[in-house]
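Worksheet: the structure to be examined is printed underneath.
The values are calculated or read from the model by the stated rules, or taken from the named source; none is laboratory data. Computed from a predicted model, the values in this text were never measured in an experiment. Methodologically, a virtual Cβ is constructed for each residue, glycine included, from the backbone with ideal geometry; neighbour enumeration extends over all protein chains shown. Just the protein is used for accessible areas: all its heavy atoms, side chains included, with ligands, DNA and RNA removed. Shrake-Rupley method; radii C 1.70, N 1.55, O 1.52, S 1.80 Å.
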Amino acid sequence: MSVQEAIYTLRSVLGKENVITAKEDLICYSFDATADLPEHLPDLLVTPMTVEQVAEVIKAANRYKMPVYPRGSGTNLSGGTVPVRGGIVLSSLKMNKILEIDPDNLTATVQPGVIIQTLNNTIAPHGLIYPPDPGSMATATMGGSVAECSGGLRGLKYGVTRDYVMGLEVVLANGDIARFGGKTVKNVTAYDMVRLFTGSEGTLGIITEIIVRLIPAPETRETMFATFADLTTAGRSITEIIRSKVIPATMEIMDRVTMETVENHAQIGLPTESEAILLVEVDGIPEVVRREAATVREVITRNGGVVKTAAGDHERDQLWAARRAALPALARKRPTTILEDATVPRSKITEMLLAIQNIGRRYNLTIGTFGHAGDGNLHPTILTDSRDQEEMERVHRAVDEIFKAALSMGGTLTGEHGIGMAKARYLPWEYGEKGVQVLQKIKEALDPEYLLNPGKMVPCREERK
Ligand SMILES: Cc1cc2nc3c(=O)[nH]c(=O)nc-3n(C[C@H](O)[C@H](O)[C@H](O)COP(=O)(O)OP(=O)(O)OC[C@H]3O[C@@H](n4cnc5c(N)ncnc54)[C@H](O)[C@@H]3O)c2cc1C
C-alpha cells in the first residue's frame, strides 16, 4: 500500500485542506527548536479538528504502516517532533478550544492545541492561575507541555505540569479513544494512567483533551535581584534560602556570560562585572511575603551578595523580561545553541555550577549558564557553530561530561526538556539496561508496532541490538 493511498483515505476523512503534502509546506515540520539534530521530511501533515478525526488518522496509520508524530508548536528542545522515519506529522493546532473553565471545581478543560498563555489570560479574570510557565508559554501548546511534562520559572514552589494534570482523553496506538482521571481531587482508581501519559513525549498515545487544576492567584509578590562576586556564594545562598524554610515562587540564576549577552541584547543595566545574579520572587499573602522577603535578603547579604528589591511593576517586569531573554539573547551570539537541562539535587547546585564552568574551560567552549537554580535545574548553554566539525567534537564531549557530572551528583539527564531523540543514547546511564527494558515493555504494551513517535525516548528493540 502506498503513501498515495494513505493521502487519499485521509483526505476523505479530514478534508483536503487538512492533509498537506507539498514539500515546501512540509519543510518546517522536518525539525523543531532543538539544535544539532538531523532533519527529516515527513510524507504528510494532518491537522485534525476532532478526536474522531485523530482516531481515523491513527487507524489509517496502522493500515498503511506509517508512523505518526504528534506536534504542538514544535518548541521542544529534545528533538521530540522530528519525523525520523518519515510518515505523518499530526498537528494539534486546529484543536485549540478552551472547553470549560469550572470555578467551582477549580479546573479547566482544554483541547491540546490551546496555547499556555491563552489559558492563563482566559482564567485571569476569575482570579485563577495555571502555574506551569515554561519560558516558551506564549507559543507552546498545552498538549506539547503535558507530553513533555514541562516545568517553568515557578516550578520551585508550584511544581511542574504533572502536578496540575487531573484528567486526559487519549487516542491509543490502535485508534481507540480512552479517558483517564477527571475533576475529582482524589482519584486512586487503578494505575495512575494520567501520570503515565504525562511526560510520555507522544510515544504512548495522542492527547486530545486535558483537564487541569487551577489555583487562586497569589495576592501579592516581591521580586529581589542579587549580585554576587562568585558562583560559590550565589550557589550557597540558594541552598541556605531553602534551608531557612522559605520556598520562593521562583529562584533563577544567570552567570556572567549569560548576563553580558542579555545586556548586549537588551541594554537594561545588568551588572556585567558580577559573576552571577539571582532573581528571587516570593508570593502569597502580604504578611508572609514581607517575612519571607526579609529572610531572603538576610541570607543573601550574609553570604556577601548585594540585594535590591524591584521598586514596582515596571522594574519587576524588566527583570523577568531579562530572564526570559536569556535563551534568545544567547542564541544570537553564535550560529548554534546547544541547550541542556541536566538537573541536580539543589544542595549540589554550587558543585554543578563549578563543574560546568570547569568543563567549559577544559574544552575551550563558551558556556552560558542560567536556569531554575532553586530546582537544581540549570541550563548550561553551549554557543557554537555546527559547521565547525572540530569544535562540535569538543561540544559533544563536553555535553557527555555535563551529564556524567549531574548523574554523579545524584541528578538526572533532564529536569524538563525530556529525552526525545537528543538524549535517547544517554538513557541507560541513568536507568541502566534493566530500567530501559521496563520502558520498552510499557511502550510495547501500548504501541507494539512502535507507530507513535518512533525513535524518541524508548529505543526500538532492533535499534539496541
Ligand atoms: C525559548 C524556549 C524556552 C523554553 N523554556 C522552557 C521552560 O522553561 N521549561 C520547559 O519545560 N520547557 C521549555 N522549553 C521547551 C518547550 O517549549 C516545552 O517543552 C513546551 O511545553 C513544548 O510545547 P510545544 O507545543 O512546542 O510541543 P512540541 O514541541 O510540538 O512537542 C513536544 C512533545 O510533545 C509531543 N506532543 C505534542 N502534542 C502532543 C499531543 N497532543 N499528544 C501527545 N504528544 C504530543 C510531541 O510529539 C513531542 O514529543 C522552552 C523552549 C524554548 C524554545
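On full extension, the segment bounded by Q4 and K308 gains 103.1 nm, given 0.36 nm per residue less the C-alpha separation.
Averaged per residue, the range 98-216 has 39 square angstrom of accessible surface, using a 1.4 angstrom probe with ligands and nucleic acids left out. Pop out the carbon and sulfur fraction of the accessible area of the chain as a percent, whole number, probe 1.4 Å. Whole-percent figure for carbon plus sulfur exposure: 51.
Expressed in Å, the radius of gyration and Dmax of the Cα atoms of the chain are 22.4, 71.
Counting only protein heavy atoms and using a 1.4 Å probe, the accessible area of L196 comes to about 60 Å². For the range 3-91, a crude dipole built from +1 on the beta carbon of Lys and Arg and -1 on the beta carbon of Asp and Glu, taken about the Cα centre, is about 300 debye to the nearest 20. The heavy atoms of Y363 offer some 30 square angstrom of accessible surface to a 1.4 angstrom probe. Across all C-alpha atoms in the range 1-110, the radius of gyration and Dmax reach 15.3, 51 Å. Say the cut-off is 25 Å between C-alpha atoms; which of K16/K59; K183/K245; K65/K456; K16/K97; K65/K441 go over it? Checking Cα-Cα distances, K183/K245 exceed 25 Å.
The calculated Kirkwood hydrodynamic radius for the range 220-408 is 16.8 Å, given to one decimal from all distinct C-alpha pairs. Calculated mean residue ellipticity, 222 nm, the chain: -11000 deg cm²/dmol, from DSSP H runs (n ≥ 4) at -39500 (n - 2.57) each, averaged per residue and rounded to 500. Couplings 3J(HN,Hα) of the range 224-237, computed from phi: 10, 9, 10, 10, 9, 7, 8, 5, 4, 5, 5, x, 5, 4 Hz, in residue order, whole Hz [Karplus 6.51 cos²θ - 1.76 cosθ + 1.60, θ = phi - 60°; x for Gly and Pro].
Solvent exposure of the range 3-91, expressed per residue, is 41 Å² of accessible area, with all protein chains present and a 1.4 angstrom probe. Stokes-Einstein diffusion of the range 148-240 at 10 °C, 1.306 mPa s viscosity, Kirkwood radius from Cα pairs, rounded to a whole number: 98 µm²/s. With all pairs of different C-alpha atoms in the average, the Kirkwood value for the hydrodynamic radius of the range 424-464 is 10.3 Å. Near the amide H of T220, within less than 5 Å, lie the amide hydrogens of G284, all on another chain or at least 5 residues away, with H placed in the peptide plane. Each residue of the range 92-102 is assigned a 3J(HN,Hα), and the resulting list reads 9, 5, 8, 9, 10, 9, 7, 7, 6, 10, 10 Hz, derived from the Karplus form 6.51 cos²θ - 1.76 cosθ + 1.60 (θ = phi - 60°), x at Gly and Pro.
In whole percents, the pair-distance distribution calculated for the range 180-313 from its alpha-carbon pairs, binned every 5 Å from zero, is 2, 9, 15, 15, 11, 10, 11, 11, 10, 5, 1, 0. Average 1/r across all pairs of distinct alpha carbons in the range 95-136, invert it, and you get the Kirkwood radius: 10.6 Å.
So what is the relative contact order of the chain, in percent, for Cα pairs below 8 Å that sit 6 or more residues apart?
15 percent
Calculate the translational D of the range 98-216 in whole µm² s⁻¹ from Stokes-Einstein, where the hydrodynamic radius comes from the Kirkwood formula applied to all Cα pairs, the temperature is 10 °C and the viscosity 1.306 mPa s. The diffusion coefficient I find is 112 µm²/s. If the chain linking E351 and E393 were pulled fully straight, counting 0.36 nm for each residue of separation and taking away their Cα-Cα distance, it would gain 12.6 nm.
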